[in-house]
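What follows is a set of notes on a single structure, which appears directly below.
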There are 2 protein chains.
Amino acid sequence: MDQQKKVSIAVVRRLPRYYRYLSDLLKMDVTRISSKELSLRMGTTASQIRQDLNCFGGFGQQGYGYNVEYLYNEIAKILGVSQQFKFIIIGAGNMGRALANYNNFVSRGFQLSGIFDVNPQIIGTTIKGFKVMDQDNLETFLKENPIDIAMLTVPSHQTAILAERVAKLGVKGLWNFSPMDLKLEADVVVENVHLSDSLMVLVINLI
Amino acid sequence: MDQQKKVSIAVVRRLPRYYRYLSDLLKMDVTRISSKELSLRMGTTASQIRQDLNCFGGFGQQGYGYNVEYLYNEIAKILGVSQQFKFIIIGAGNMGRALANYNNFVSRGFQLSGIFDVNPQIIGTTIKGFKVMDQDNLETFLKENPIDIAMLTVPSHQTAILAERVAKLGVKGLWNFSPMDLKLEADVVVENVHLSDSLMVLVINLI
C-alpha cells in the first residue's frame, strides 16, 4: 500500500489504537469529534493526533473536527480490516490455544484455518473445532490451502527453522511469540510479540 | 525513578529491546560496540541509538563505542531487572496458563505468587506447582501477601471491576490482556497488551 509506505512505522503502530477508539465512538453514535476531545479520551495530545492523521491526508476539517465514520472507514482500509486473512497456529500449547480462542480476531477479519503441533499427545485433539494436525503435514496442507499468516507459538530454538520453512511454503506474514527478534532470509513480513518487554515497561513505571 | 521521568515514553518502550540485544552481545563475549554496529544488528539507525541512549546520560564514548557490560547494567537498573517483583495471575484460562508457564519472566526477576479463577472446575487444579485459588479469596490472600503486579486474563466485561478491586488491595501494577484500554480511578500503573493491535501492524505490512 503506497499511502502507508510514506508514514513512519511509529504512526502505523498507533493506528490500531485510533481504530479501537473510533469504533467505540461509533457505537455511542458520536458522528464528529475534535482532535482535542479525541486526545482527552485517548490520553494523548491533540497535536499528536493531528500530526498522525495528517499523514494520511486531509481527514480533519479545521473547526469542524473529524467525521468519525469517515475516519473509521479510512483507517479500516489502511489496516486492511475489510479484507479476510487466513491464518494457522503452529504450536498448540497454552499460548496457541489462547490465540485459537481469541474471539477478537474473527471480528477483525482473521480466519483460523488450522492448528499444528509436534506432540503425538496433542495431535488429533480438538481446539476450537479444529483437529490439531501433525507439523510434518505442513507442506501438504499449505500446498492445498494458501495461508496469509502463521502464528508461531513454539519454543525459541525451533522458531527460526520453522519460520523459514513456512515462508518457503508461501506464508506471507509471521506473528512470532518466542522471546527473540526473528530475522529471516525469506521474503516474509515478521511481527514479533515480546511479552517480557511489555512487562518491563510496566515495571519502569512502578519503580 | 527520576532519571527515566525525563525521557519520553517512546524511548522507555525501546529499552527492553536494547536490553535483549546487549544481553545477546554479552553472551557472545562482545565487550564494546559502536552505535553503527548495534544499529545494523537491531535494524534501526545509529542516530536513533545515540539519541535514545544519550537520554540516560553519557554511556557512549565517541570513537570507542559503548561498553556493552556497563550499558547492559545501567539499562538493567533503569528497567528494575535487579529487583524482584511478585505477581499473581487472575484468570486461569489458556492465556493465564501460558503466562504461568512463561519461563522468561523468572529470569527477569518476576516471581509468580498465586493464580486465581472463578470457575469451580478450575479452582483447586494445579498449574506450574500452584493450586488455583478462588477469586473470592483475593482479599484474604493480598492482605497476607503483598503483591506488586496482577496479570489480568479475564473476560473484558470483568476486567475493570476486578482491576479496581485489586488496586484497592495494594497491587501497584496491572498487566491487562483484555482488548480494552483500562483506565482507573485508583492509583495504579496499567500496561495494556493489545494482541489484535500487533496483528494489525503485521497486516499493514502484508497488504
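The values are calculated or read from the model by the stated rules, or taken from the named source; none is laboratory data. Not measured: the values here are computed from a predicted model. Don't worry about glycine lacking a Cβ; one is built from the backbone with ideal geometry, like all the others, and counts go over all protein chains shown. SASA here: full protein model, heavy atoms, side chains in, ligands and nucleic acids out. Shrake-Rupley method; radii C 1.70, N 1.55, O 1.52, S 1.80 Å.
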Residue in segment B:117-126 that is within 11 Å of chain A (Cβ to nearest Cβ) and modelled with pLDDT of 85 or more present: no
Test: residue B:51 is open to solvent by 30 Å² or more (accessible area, probe 1.4 Å), within 30 Å of residue B:190 (Cβ to Cβ) and either modelled with pLDDT under 85 or within 24 Å of the chain's Cα centre (by Cα) (or both): yes
Subset of segment B:9-47 [open to solvent by 90 Å² or more (accessible area, probe 1.4 Å), assigned to a helix (DSSP H, G or I) and more than 8 Å from chain A (Cβ to nearest Cβ)]: B:9, B:27, B:36, B:37, B:40, B:41
Filter result for residue B:187 (within 14 Å of chain A (Cβ to nearest Cβ), in a loop (DSSP other than H, G, I, E, B), closer than 30 Å to residue A:191 by Cβ and of a type in the set (Asp, Glu)): no
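Could you list all residues from segment B:168-183 that are assigned to a loop (DSSP other than H, G, I, E, B) and open to solvent by 40 Å² or more (accessible area, probe 1.4 Å)?
Scanning segment B:168-183 gives B:169, B:170, B:172, B:179, B:180, B:183.
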Conditions (1) open to solvent by 60 Å² or more (accessible area, probe 1.4 Å); (2) within 9 Å of another protein chain (Cβ to nearest Cβ); number of the one not met by residue A:84: (2)
Number of the exception - residue B:151 against (1) away from chain A (no Cβ under 12 Å); (2) within 30 Å of residue A:109 (Cα to Cα): (1)
Residue count, segment B:88-123 (criterion: open to solvent by 50 Å² or more (accessible area, probe 1.4 Å), touching a strand residue (DSSP E or B) at 6+ places or on another chain (Cβ under 9 Å) and in a helix (DSSP H, G or I)): 2
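Can you pull out the residues in segment B:191-207 that are touching an Asp or Glu at 6+ places or on another chain (Cβ under 9 Å) and within 8 Å of another protein chain (Cβ to nearest Cβ)?
Answer for segment B:191-207, where residues must be touching an Asp or Glu at 6+ places or on another chain (Cβ under 9 Å) and within 8 Å of another protein chain (Cβ to nearest Cβ): B:194, B:198, B:199, B:201, B:202, B:203, B:205, B:206.
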Any pair with Cβ under 9 angstrom, 6 or more apart, that starts in segment A:136-159 at a residue that is open to solvent by less than 20 Å² (accessible area, probe 1.4 Å) and ends at one that is among the basic types (Lys, Arg): A:138/A:165; A:147/A:86; A:147/A:172; A:149/A:86; A:149/A:172
Complete set of residues in segment B:87-116 that are more than 14 Å from the chain's Cα centre (by Cα) and either more than 10 Å from chain A (Cβ to nearest Cβ) or among the charged types (D, E, K, R) (or both): B:90, B:91, B:92, B:97, B:113, B:114, B:115, B:116
Residue satisfying all of: in segment B:168-184; of a type outside the set (Val, Ile, Thr) and farther than 30 Å from residue A:108 by Cβ; nearest to the other protein chains (Cβ to nearest Cβ) among these: B:172
